[in-house]
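The values are calculated or read from the model by the stated rules, or taken from the named source; none is laboratory data. If you're wondering where the values come from, they're calculated on a predicted model, not measured in any experiment. As a convention, Cβ positions derive from the backbone with ideal geometry for all residues, glycine included, and neighbour counts pool all protein chains shown. What goes into the accessible areas is simple: the full protein's heavy atoms, side chains included, and nothing from ligands, DNA or RNA. Shrake-Rupley method; radii C 1.70, N 1.55, O 1.52, S 1.80 Å.
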Protein chains: 2
Amino acid sequence: MRIAVLGGDGYCGWATAIYLSNRGQSVAILDNFIRRQWDHEVGAETLTPIRPLSERLRSWRQLTGKNIDSFVGDVMDYDFLSSTIKEFEPEAIVHFAEQRAAPYSMIDRKHAVFTQVNNVVGTLNVLFAMREFAPDCHLVKLGTMGEYGTPNIDIEEGYITIEHNGRKDVLPFPKQPGSFYHLSKVHDSHNIMFTCKIWGLRATDLNQGVVYGTVTDEVSMDEALINRFDYDEVFGTVLNRFCVQAAIGMPLTVYGKGGQTRGFLDIRDTVRCIEIACLNPAAKGEFRVFNQFTEQFSVMDLARMVQTAGKKLGMNVEIKHIPDPRVEAEEHYYNAKHSKLIELGLVPHLLSDSLLDSLMNIAVRYRDRVDSSAMMPKVNWRQARNDRSSSAQATEPAHHAVRGNGSRSKTVKPEVEYSKR
Amino acid sequence: MRIAVLGGDGYCGWATAIYLSNRGQSVAILDNFIRRQWDHEVGAETLTPIRPLSERLRSWRQLTGKNIDSFVGDVMDYDFLSSTIKEFEPEAIVHFAEQRAAPYSMIDRKHAVFTQVNNVVGTLNVLFAMREFAPDCHLVKLGTMGEYGTPNIDIEEGYITIEHNGRKDVLPFPKQPGSFYHLSKVHDSHNIMFTCKIWGLRATDLNQGVVYGTVTDEVSMDEALINRFDYDEVFGTVLNRFCVQAAIGMPLTVYGKGGQTRGFLDIRDTVRCIEIACLNPAAKGEFRVFNQFTEQFSVMDLARMVQTAGKKLGMNVEIKHIPDPRVEAEEHYYNAKHSKLIELGLVPHLLSDSLLDSLMNIAVRYRDRVDSSAMMPKVNWRQARNDRSSSAQATEPAHHAVRGNGSRSKTVKPEVEYSKR
């Protein structure tokens, strides 16, 4: 199957591209490397030393004999996108090519506008290119569980049957997204649903939970294939941050009470879910929604699990509550359905202690690359302009004081080893 | 009360601005006249000969002694918008400044992208300007009943109580918009709801039905104040088109079966609803939704009413079904609530035969200005590119043949007279 991976140089995109290639699919990556530019902008760096895409692809070819096509450009550029679609003739388009960080979208007006325009127009371009040049192609679009917010009822997969005043209909599940980024995904979902209806396009919206992990079977073939591990306050996710904080002996920074509950999944499940979606395409005209996560945890659940895993590695991990920079319920009901991908064959990797070890081991292995100043939140949802310059005060700047305690002095042997060719 | 009317040179905007001014409010109009430019682009013209804004405002001052401030610029331009907000210090912002035609948004990719970017970014700019420079100001935003689509259950005003698996929550009513334009309004609604939550802004989303009528008490003071009457296939609405078709003896063009049912209201009720919203502002942090229409009709209901009204004026009005250029249910359940504005004091003007007479009289009065080629649909929802050039074929180009039959030869005295100063 010919599969175009838009945003294939990013975190989920890269892991997906080489996974699908390894499974025998014909893969093309479209990327403009803007994700790498954002690192420079926010002054952050992936913990893991990722290589340029050209080098990644060369290594992949040398290691496996498999070729992945590379098209360098922006999905906002319709000429680029449509000519690439015409040339590659994809049967599936996996669309990761969006700005995907909530805090980035909340920095100020320009970042909010950029995020919504970039994501919404990029997706409109994909839809028009499909309509014009690949009408049978299947769109596999990355949405987010954050589209739903935290309603006081069970979250269904995309649609809900509503009985009201004696009548009944199956309607899109109401959305209550929590950032300008999450809003952009809601806008996308509505746009995609509409084009499936009017043009008979086929699309799967994968409402993904928070992804953790760096190592997949493919990534572990060689260090040249290593994937991103973001832990900074803008692009980092909570579990990565906790593991890095534990590794350098810094208290885990829980936003508010820590009762915020979300769906999570291992990146090895992300790539498998994408494969499942591609191999089981939506019908013509169908807009299908899968909730793509395997387990749900509260932030405090994660903090305690990292604490326990750290203990096994001989670390003394503290948990600290700091004011929540986001506007969100710090305690709430949460029960989200996620059975459709399981029914299609997903066998989840669960976040057990051993997985935590593996995550923790990446953090320990690269801890000399940690910038401890990158983790405290500087983007406050309540403000219309957030100054992230180096002179600006973070919400809680006291974290430098704790550096050096805990495990930092202890030698922990990394258990993740890359096989060498 | 200081009220800024964004898009105050447009159809609803102009009627609203002079109504509010007449009622003693201090009004400013912000407009960049792009609506007039779109007429040039699509090759259409309002039936009524509207005057430039500067002349309208001069006449208004001469007639009433009341001044309306005019700020010329684009809400997409944040410097313009924010400096105007700082200077005028509005207590309410009435936001009409969007691209508001479904067919315009469906012409092709560029028009879809333009509509969504223009509307979404314009509204984001308004929200950020309010947060930064007018945090207590009340946003009165024009949405559309089209955000809801045509669900098989009763449509509530913005929110619906859902009981599900033994739990209950009040959630945003699910949206199923039917064009890239309607989608832009759904995107706006989600964005506004979010900023009310995180910044404590106050907003009223007026999900307006299809507005008809040209004459308000203010407009009828002098012909220099005359308002738009759009009847072309892009910006015209169905009732206007039917009246013009009747006036020139052309069969009424019903799209498909004509069972499409929507909410409608008289423009005199539009301006009153805006006033009611302004005088009864939302609470801080509240995102309130009113369904702003007074009666619901199917397209066939309207065709038959125009036929009956035409008969009274001595016209022989035919009804013709043409293929529906839109993708929409041609027969469906429709029952939308609209009691909140009534509870706040709205006394509706109903679409009785006399109102039809008044609408019809405008059509008859200006029928020498009618371009009969402007009414057949050239924008087909099923296509990604619609060629609207003059050489392009309309869906049903046979309408020229019918011109001249029916009432054209009959002298009908217009009953609408403008009082002269």
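Working only within the stretch A:122-143, note down all residues that are assigned to a helix (DSSP H, G or I) and open to solvent by less than 10 Å² (accessible area, probe 1.4 Å). Even if it seems obvious, please write down each step before you answer.
From the stretch A:122-143, those assigned to a helix (DSSP H, G or I) are A:122-133; that's our starting set.
Within the stretch A:122-143, A:122, A:123, A:124, A:125, A:126, A:127, A:128, A:129, A:130 qualify.
The residues of the stretch A:64-78 that are out of contact with any Lys or Arg (no Cβ under 8 Å at 6 or more places or on another chain) and of a type in the set (Phe, Trp, Tyr) amount to a single one, A:71. Taking every residue in the stretch A:247-262 that is farther than 19 Å from residue A:212 by Cβ and pairing it with any residue that is assigned to a loop (DSSP other than H, G, I, E, B), at least 6 positions away or on another chain, the pairs with Cβ-Cβ distances below 6 Å are A:249/A:405; A:251/A:318; A:256/A:324; A:256/A:330; A:257/A:330; A:257/A:331; A:259/A:330; A:259/A:331. Count of the stretch B:258-309 residues, restricted to those that are touching a His at 6+ places or on another chain (Cβ under 7 Å), closer than 29 Å to residue B:331 by Cα and charged (D, E, K, R), is 2. Please determine whether any residue of the stretch B:322-344 is in contact (Cβ under 8 Å) with a residue 12 or more places away in the chain, away from every other protein chain (no Cβ under 14 Å), surrounded by fewer than 16 Cβ atoms within 10 Å (Cβ to Cβ) and over 25 Å from residue B:260 (Cβ atoms). Yes. The single condition among (1) under 21 Å from residue B:89 (Cβ atoms); (2) open to solvent by less than 50 Å² (accessible area, probe 1.4 Å) that residue B:69 does not meet is (2). Here the condition is being within 14 Å of chain B (Cβ to nearest Cβ) and either at pLDDT 95 or above or under 30 Å from residue B:122 (Cα atoms) (or both); of A:111, A:95, it holds for A:111 alone.
For the stretch A:144-157, which residues satisfy the criterion of being more than 7 Å from every other protein chain (Cβ to nearest Cβ) and either open to solvent by less than 10 Å² (accessible area, probe 1.4 Å) or among the hydrophobic types (A, V, I, L, M, F, W, C) (or both)?
If we filter the stretch A:144-157 for residues that are more than 7 Å from every other protein chain (Cβ to nearest Cβ), which is where we start, we get A:144-150, A:155-157.
Residues satisfying the conditions are A:145, A:147, A:148, A:155.
On the basis of being within 14 Å of chain A (Cβ to nearest Cβ), assigned to a loop (DSSP other than H, G, I, E, B) and farther than 23 Å from residue B:11 by Cα, does residue B:161 make the cut? Steps first, please.
On the way: within 14 Å of chain A (Cβ to nearest Cβ): yes; assigned to a loop (DSSP other than H, G, I, E, B): no; farther than 23 Å from residue B:11 by Cα: yes.
Answer is no for this residue.
Per the listing B:346, B:355, B:341, the residue uniquely part of a loop (DSSP other than H, G, I, E, B) and either at pLDDT below 95 or under 20 Å from the mean Cα position of the chain (by Cα) (or both) is B:346.
Being assigned to a loop (DSSP other than H, G, I, E, B), touching a residue at least 60 places away in the same chain (Cβ under 8 Å) and surrounded by fewer than 17 Cβ atoms within 10 Å (Cβ to Cβ): is that true of residue A:90 here? Before you say what the answer is, go through the steps one by one.
Working: assigned to a loop (DSSP other than H, G, I, E, B): yes; touching a residue at least 60 places away in the same chain (Cβ under 8 Å): yes; surrounded by fewer than 17 Cβ atoms within 10 Å (Cβ to Cβ): no.
Judged against the criteria, residue A:90 is not a match.
When residue B:166 is tested against the conditions (1) at negative phi; (2) out of contact with any strand residue (DSSP E or B) (no Cβ under 6 Å at 6 or more places or on another chain), the lone failure is (1).
When you check residue B:192 against the structure, is it modelled with pLDDT of 95 or more, part of a helix (DSSP H, G or I) and farther than 22 Å from residue B:144 by Cα, yes or no? Steps first, answer last, please.
Details: modelled with pLDDT of 95 or more: yes; part of a helix (DSSP H, G or I): yes; farther than 22 Å from residue B:144 by Cα: no.
Answer is no for this residue.
Number of residues in the stretch B:164-205 that are within 29 Å of residue B:18 (Cα to Cα), touching a Ser or Thr at 6+ places or on another chain (Cβ under 9 Å) and either more than 10 Å from every other protein chain (Cβ to nearest Cβ) or open to solvent by 10 Å² or more (accessible area, probe 1.4 Å) (or both): the value is 7. Within the stretch B:78-87, at least one residue is within 14 Å of another protein chain (Cβ to nearest Cβ), in contact with a Gly (Cβ under 9 Å, 6 or more places away or on another chain) and buried (at least 24 other Cβ atoms within 10 Å of the Cβ). Being in contact with a Leu (Cβ under 6 Å, 6 or more places away or on another chain) and under 21 Å from residue A:149 (Cβ atoms) holds for only one residue in A:245, A:260, A:292, and it is A:292. Would you call residue A:132 of a type in the set (D, E, K, R) and either over 19 Å from the mean Cα position of the chain (by Cα) or at the interface with another protein chain (Cβ under 10 Å from one of its Cβ atoms) (or both)? Yes: the conditions hold for residue A:132.
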